[in-house]
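Quick notes on the structure that follows.
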């Protein structure tokens with residue numbers, strides 16, 4: 001069970017994960033920990049910029065002291081809490097090579113009975129293999145396309161898809177369970193069925209054992225960034241999202257039938273190659289065959 005409500009407000013940086021109370025969220029109950037504020041990867045489709053703004057990764061002040069304090073409070077009431085690092089700011093931005101803040105947090109978490117899910121789109125995560133081997137953890141790596149030039153356009157400051165595939169291979173070789181997020185799938189951008197199937201085959205060949213996928217959800221700020229980058233798609237995307245689409249919990253969604261169609265190649269390929277799969281905030285229960293959507297079921301418990 002979670003920390004009693006009366007103690008929640010005392011937590012500083014390890015907070016209960018709350019996806020804005022989205023009725024479509026199927027994540028397990030977990031905590032979220034973001035060592036940085038903002039994200040230097042500057043992905044066009046980023047959802048977090050709608051509430052934290054578009055800015056480079058900045059270390060949180062007094063983070064280590066606050067992590068130790070929060071962890072002590074949580075472990076008074078919980079056995080093996082699940083902590084997801086991170087859900088709104090990548091824990092391995094370029095600045096991590098200088099600050100080593102995420103590594104310092106890992107050094108603390110590895111000494112305590114916690115389960116850890118690391119979500120990133122950076123190959124830098126392999127730097128910390130010495131710690132990950134000892135931790136009860138899994139890593140979820142985002143790969144949205146195998147097209148290097150398209151990836152550079154969508155995710156300007158993130159490592160290339162090829163570097164991420166090498167990270168998946170290295171982690172899995174060292175017995176660290178790896179999930180892959182093919183998220184988001186954007187109409188007319190990275191939605192080619194053949195390419196999506198090839199992407200699934202590549203990540204599974206590299207060692208991924210779980211895939212979670214999702215269609216792009218539009219917010220005013222990320223939608224404007226997409227249109228600036230792909231002006232030729234403005235009419236098509238506006239029609240799909242603002243004329244034919246629907247508003248769901250503050251986001252503009254594609255029609256349900258179109259969401260199913262876009263994600264079908266990924267789901268079908270996962271079934272063919274025999275890995276578990278799920279979707280993120282889609283409301284398509286038949287597109288899930290895994291104990292968890294986010295890959296947290298890959299984290300080994302002490303039991």
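The values are calculated or read from the model by the stated rules, or taken from the named source; none is laboratory data. Please read these numbers as outputs of a predicted model, since none were measured by experiment. A quick note on method: Cβ atoms are made from the backbone with ideal geometry, for glycine too, and the neighbour counts reach across all protein chains shown.
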> Can you name the condition, by its number, that residue 293 falls short on among (1) within 20 Å of residue 146 (Cα to Cα); (2) outside any helix (DSSP H, G or I); (3) out of contact with any helix residue (DSSP H, G or I) (no Cβ under 8 Å at 6 or more places or on another chain)?
Replying inline: (1)
> So is residue 40 closer than 29 Å to residue 251 by Cα and part of a helix (DSSP H, G or I) or not?
Replying inline: no
> Which residues, counting only those in segment 210-242, are closer than 14 Å to residue 48 by Cα, in contact with a helix residue (DSSP H, G or I) (Cβ under 7 Å, 6 or more places away or on another chain) and in contact (Cβ under 8 Å) with a residue 40 or more places away in the chain?
Replying inline: 219, 221, 222
>> Looking at (1) closer than 25 Å to residue 40 by Cα; (2) touching a residue at least 40 places away in the same chain (Cβ under 8 Å), which one does residue 81 not meet, given that it meets all the others?
In response: (1)
> Can you list the strands (runs of 3 or more DSSP E) found entirely within segment 188-286 that contain at least 1 residues being within 20 Å of the chain's Cα centre (by Cα) and either surrounded by fewer than 14 Cβ atoms within 10 Å (Cβ to Cβ) or modelled with pLDDT of 95 or more (or both)?
Replying inline: 210-215, 251-253, 276-279
>> Checking the condition touching a helix residue (DSSP H, G or I) at 6+ places or on another chain (Cβ under 7 Å), farther than 18 Å from residue 222 by Cβ and at pLDDT 95 or above, which residue from 75, 63 passes?
In response: 63
>> Filter segment 55-79 down to the residues that are assigned to a loop (DSSP other than H, G, I, E, B) and surrounded by 15 or more Cβ atoms within 10 Å (Cβ to Cβ) and list them by number.
In response: 56, 57, 60, 78
